[in-house]
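Read-outs: derived from the displayed coordinates by stated rules, not from any lab. Nothing here was measured: the structure is a model prediction, and the numbers come from that model.
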Amino acid sequence: MKISLKTKTLLAALTITLGLASCSKNDIDNTPIYISGVSLVHASPTTEKLDVYIDNTRASIDDFAFGTKMDYLRAYSGDRTITVTKKGSAAKLTTDLIKLEPELGYSVFVVDKFETIDILTLKDDLTKPAAGKAKIRFVNLSPDGGPLNLAINGVATDLVDNKAFKEFSTFQTIDAAEKVTFNIKNKATTLVEATLADVKIEDGKTYTIYAKGLKANTDDTKFGAAIFTHK
């Protein structure tokens, strides 16, 4: 099901220039302009700040650092080239050609270690869940984290099972609640390795949880978990 990008939940407050969509009443060409939503997430465990381009337009904020998530930007649908550079540099670290379908949302993750940096683009299911429910997806973005499970504390069966690096689940439906604790578990040992405690899960919202960082690190890029709302 397609979701209109005219809704407030998908439109970014940020407007940027050529390469991202804009609509003007003064346009002479009546050819329909199709747009998609693109959310950017810096999940590469590095202290380097990055620039992300959609085609030739810088789409990322000035201080796009590890752990930063940007809400949906409007981008022209069709084939778009995503390019990642070190902040302020013209040298390309990695590029990827992605196909954006009209009126759909996408999460573009910058992933892996700086020396092997990569792009992972996921299509987002933004259909609204049933009343009293929310939707959640798990993505393993820890390069040395090994296969991981996602569990809700106190629930016997894990919500997501056995996701290796750069693997992801479908969106799972869960109950909305004032406080939910999520555990990221080592698949092999079943030990809890990261926790998101007392997260408010709101009725009708869509979320992504991702494992991030490196187990080998002890600074801000160390292994952990993050959650964001799709908006």
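Let me check I have the definition right: for the range 128-231, take the eigenvalues of the Cα gyration tensor, multiply each by 5, take square roots. What are those semi-axes in whole Å, largest first?
Value: 23, 14, 13 Å, ordered largest first.
Considering only DSSP beta bridges where both residues belong to the chain, give the percentage that are antiparallel (nearest 5).
80
Name the residue, out of 219, 125, 96, whose mean-square fluctuation peaks in a Gaussian network model built on the chain with Cα pairs under 10 Å.
The residue that fluctuates most here is 219.
Please work out the Cα convex hull volume for the range 175-231 and give it in Å³ per residue.
Convex hull volume per residue, Cα atoms: 98 Å³.
Taking amide H positions as placed in the peptide plane 1.01 Å from N, state which residues far from residue 55 in sequence (5 or more) or on other chains have amide H under 5 Å from it.
Residues meeting the amide H criterion: 81, 82, 83.
Taking amide H atoms as placed 1.01 Å from N in the peptide plane, list the residues 5 or more away in sequence, or in a different chain, whose amide H sits under 5 Å from that of residue 49.
87
Kindly work out what percent of the DSSP beta bridges joining two residues of the range 128-231 are antiparallel, to the nearest 5.
75
If I build a Gaussian network model for the chain, linking alpha-carbon pairs within less than 10 angstrom, which residue out of 139, 38, 155 has the largest mean-square fluctuation?
Top of the fluctuation ranking is 155.
With just the Cα atoms of the chain, tell me how far they stretch along each of the three principal axes, in Å, largest first.
Cα spread of the chain along its principal axes, largest to smallest: 61, 45, 23 Å.
May I ask which of 99/222; 99/128; 92/113; 86/163; 123/205; 123/166 have a Cα-Cα span longer than 22 Å here? Could you put the intermediate results ahead of the total?
Working: 99/222 32 Å; 99/128 24 Å; 92/113 15 Å; 86/163 29 Å; 123/205 16 Å; 123/166 14 Å.
Checking Cα-Cα distances, 99/222; 99/128; 86/163 exceed 22 Å.
Taking θ = phi - 60°, what integer Hz values does the Karplus form 6.51 cos²θ - 1.76 cosθ + 1.60 yield along the range 153-166, in sequence order, with x for Gly and Pro?
Along the range 153-166, the couplings run 4, x, 9, 5, 9, 5, 6, 9, 10, 6, 10, 7, 3, 6 Hz.
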